[in-house]
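To keep things clear, I will list the structure first and then write my remarks on it.
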Amino acid sequence: KSAKAHLTFTGSSTGLTLNFAGTYTVGDVKLASDANGGVTVVAKKGAVLTAGKVALTNATASAGTLTIAEGATLTVDELSLKNFTTTVSGGSLTINDKLTTTATNGTVTVQSGSLNTSLAALGLKLGATAGADADNVADASIILKQDGSLKVSDDLSKVSVKTTDLAELTNKLDKTNSKGLIDLGAIQISDLDTTKPIKQSDLSTLAGI
C-alpha cells in the first residue's frame, strides 16, 4: 500500500507477472517492457486499485496483458495502451480523464462487467457536451462481449442528437465482435418519432445502445 507513490517498471528479457489482490492507491504508473515472455498484470478478485496516469507499453505486439477479474475494480485518471491488451472479465474499469488505445495491439475488451468513462475521456462530444473530438481512442479498439457494457457517465438528459450523430461513438467499437451494451442513460434522439410505431429497421444504427 502506498500514499500516491509513483511506480516505474522498465525492460526485462523474461516474462513478468504482477498480481494484485488487495487495496492499493498509487500515483502515476509507467510499465515499459521488452519482455520476450510478455507482461501479465492481473487485478484479482477483491482487488480495489486506484491510480493516476497509467502507461502500459510492451515492445512486442500483444505481449502485454492487463486483466480485471470478477469482483475487482480498477480506477485510473488516464490509461494509455501500446502493445498491451486490456480485458475486463467480470470486474469494472473506470477511466476518469483519458483513454488512449490503438486499433490492433492496444485494445480494451469487456468480456463481462463494465468499462465506465466519459465522452471527453473517449475524445468525443455529443451536442454541447464538454470535451473536444480527438483521436485518442482508435476506431474498433473497444470490444463489448455479450455480458459487457460501456457506461458513459455524462448527464445526457438534456442532449438532443440524431441517430447519425452517435456514429462517432459506435465507431470506437469493433462491431464485428461486439454484442454488449452502450449505456448512455437518458438521451433525446430527435429523428425518432415516438408518436408513431417505431420499426426495428429504424433502430439499426442504434444497435448496442
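The values are calculated or read from the model by the stated rules, or taken from the named source; none is laboratory data. This is a predicted model, so every value here is computed, not measured. Cβ: placed from backbone, ideal geometry, glycine included. Neighbour counts: every protein chain shown. These accessible areas exclude ligands, DNA and RNA; they are computed on the full protein's heavy atoms, side chains included. Shrake-Rupley method; radii C 1.70, N 1.55, O 1.52, S 1.80 Å.
Descriptive notes on the structure:
- Given (1) in contact (Cβ under 8 Å) with a residue 24 or more places away in the chain; (2) over 27 Å from SER157 (Cβ atoms); (3) open to solvent by 20 Å² or more (accessible area, probe 1.4 Å), index of the condition ILE68 fails: (3)
- Hits in the range 63-113 - residues which are β-branched (Val, Ile, Thr) and assigned to a loop (DSSP other than H, G, I, E, B): THR101, THR104, THR107
- Some residue of the range 29-36 being at pLDDT 85 or above and either surrounded by 17 or more Cβ atoms within 10 Å (Cβ to Cβ) or under 24 Å from LYS151 (Cβ atoms) (or both): yes
Rundown of residues vs (1) within 24 Å of LEU49 (Cβ to Cβ); (2) surrounded by 15 or more Cβ atoms within 10 Å (Cβ to Cβ); (3) at pLDDT 90 or above, yes/no style:
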position	(1), (2), (3)
THR100	yes, yes, yes
VAL110	yes, yes, yes
LEU122	yes, yes, yes
ALA132	no, no, no
ALA138	no, yes, yes
SER141	yes, yes, yes
ASP155	no, no, yes
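- Exactly one residue among LYS45, LYS30 is in contact (Cβ under 8 Å) with a residue 12 or more places away in the chain, more than 14 Å from the chain's Cα centre (by Cα) and outside any strand (DSSP E or B), and that residue is LYS45.
- If you go through the range 157-178 and keep only what is over 29 Å from ASN105 (Cβ atoms), open to solvent by 90 Å² or more (accessible area, probe 1.4 Å) and of a type in the set (Val, Ile, Thr), you end up with just THR164.
- Residues within the range 189-206 that are under 21 Å from SER157 (Cα atoms), of a type in the set (Ser, Thr, Tyr) and out of contact with any Ser or Thr (no Cβ under 6 Å at 6 or more places or on another chain), tallied: 2
- In the condition set (1) in contact with a helix residue (DSSP H, G or I) (Cβ under 6 Å, 6 or more places away or on another chain); (2) free of Cβ contacts under 8 Å to residues at least 12 places away in the same chain, LEU124 is compliant with all but (2).
- Checking each residue in the range 76-95 for being under 11 Å from the mean Cα position of the chain (by Cα), open to solvent by 30 Å² or more (accessible area, probe 1.4 Å) and closer than 20 Å to VAL26 by Cβ picks out GLU78, SER80, THR94.
- Members of the range 143-153 that are open to solvent by 20 Å² or more (accessible area, probe 1.4 Å) and either under 15 Å from GLY208 (Cβ atoms) or among the acidic types (Asp, Glu) (or both): ILE143, LYS145, GLN146, ASP147, LYS151
- Answer residue from the range 37-56, given it is touching a strand residue (DSSP E or B) at 6+ places or on another chain (Cβ under 6 Å) and surrounded by fewer than 18 Cβ atoms within 10 Å (Cβ to Cβ) and is nearest to GLY106 (Cα to Cα) among those: ALA55
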